[in-house]
């Protein structure tokens, strides 16, 4: 099974809401990632978790809060977002963080902030 | 970070070979050349990677110039399903920031039936 699943597929939230995105993989991968992709732009790395510890935060605003409760799960907690945060949020996983390991991406959650 | 340059778009005919170029004139000696593609409405997927020698796998071939300043992704027989954005990415050999996947604009491949 080489699948990364993400829920929900679509999410509409107001600027005062709190919501969470969920990502799951059962490939035994120890690295997990969040990317943000605006329309017609390339994906941009947000966070990297390695062995359930945050290893890279690409200066993401604190209204995005990642969490890795175990090696199979990755969450992204959202609070007080702005309309410009509307984007496709992609989760990925890999066996490790070096170049040897390809990253497997989920289909993404399309987020709209109203 | 070493950068890559790709044309914005390319068109091909179905069942013909496609050569997708990538320039990386500032590549360092330890950078690996990776290719990912993103089909419409999907997340990116790994295609192939290499260091110096040409590489083949079931999806594609990667031809790397002798001076490593450019490379070409070769799809041997394009299908309609190959229509996607193809990203050429340089990754360092170590963990952390060195080996991040940093996507550029990519090249949009269209395949005509």
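For region B:1-53, the relative contact order works out to 29 percent when only alpha carbon pairs closer than 8 Å and six or more residues apart are counted. Here r is the Cβ-Cβ distance between residue B:74 and residue A:70 and R0 is 45 Å; the resulting FRET efficiency, rounded to 0.05, is 0.65. Rg and Dmax of region B:1-59, based on Cα coordinates, read 13.2, 36 Å. Would you work out if the protein assembly as shown is rounded, prolate or oblate? Take a ≥ b ≥ c from the square roots of the eigenvalues of the alpha-carbon gyration tensor; rounded if a/c is under 1.5, else prolate when a/b is larger than b/c, oblate otherwise. Verdict is prolate for the protein assembly as shown. The relative contact order of region A:1-57, computed from alpha carbon pairs under 8 Å that lie at least 6 residues apart in sequence, is 26 percent. The gain in end-to-end length when the residue A:79 to residue A:62 segment is fully stretched comes to 5.3 nm, 0.36 nm per residue minus the alpha carbon separation.
Note on residue B:26/residue A:100: beta-carbon distance plugged into 1/(1 + (r/R0)^6) with R0 of 25 Å gives a FRET efficiency of 0.65. Take every Cα pair under 8 Å whose residues are at least 6 apart in sequence, average their separation, divide by the length of region A:5-114, and the relative contact order is 37 percent. Put simply, when A:56-64, A:20-28 are sorted by average Cβ atoms within 10 angstrom per residue, most first, you get A:20-28, A:56-64.
Shielding by partners for peptide A:90-97, expressed as the average number of C-beta atoms from other protein chains within 10 Å of each residue's C-beta, is 2. Computed on the Cα atoms alone, the convex hull of chain B gives a volume of 96 cubic angstrom per residue. From the alpha carbon centroid of region B:54-113 to that of region B:16-51 is 2 Å. Counting only other chain Cβ atoms within 10 Å of each residue's Cβ, the peptide B:102-108 averages 3.
Per residue of B:92-101, what is the mean number of Cβ atoms on other protein chains within 10 angstrom of that residue's Cβ? Shielding by partners across B:92-101 averages 6. When both bridge partners sit in the protein assembly as shown, DSSP labels roughly 90% of those beta bridges antiparallel. The spacing between region A:75-112 and region A:1-73, judged by their C-alpha centroids, is 4 Å. Computed over chain A, the quotient of the alpha carbon radius of gyration and 2.2 N^0.38 Å is 1.00.
Where a number appears in this text, it was derived from the coordinates with a stated rule and is not lab data. Keep in mind that what you see is a predicted model, and the values were worked out from it rather than measured. Every residue, glycine among them, receives a Cβ derived from its backbone with ideal geometry; neighbour counts consider all protein chains shown.
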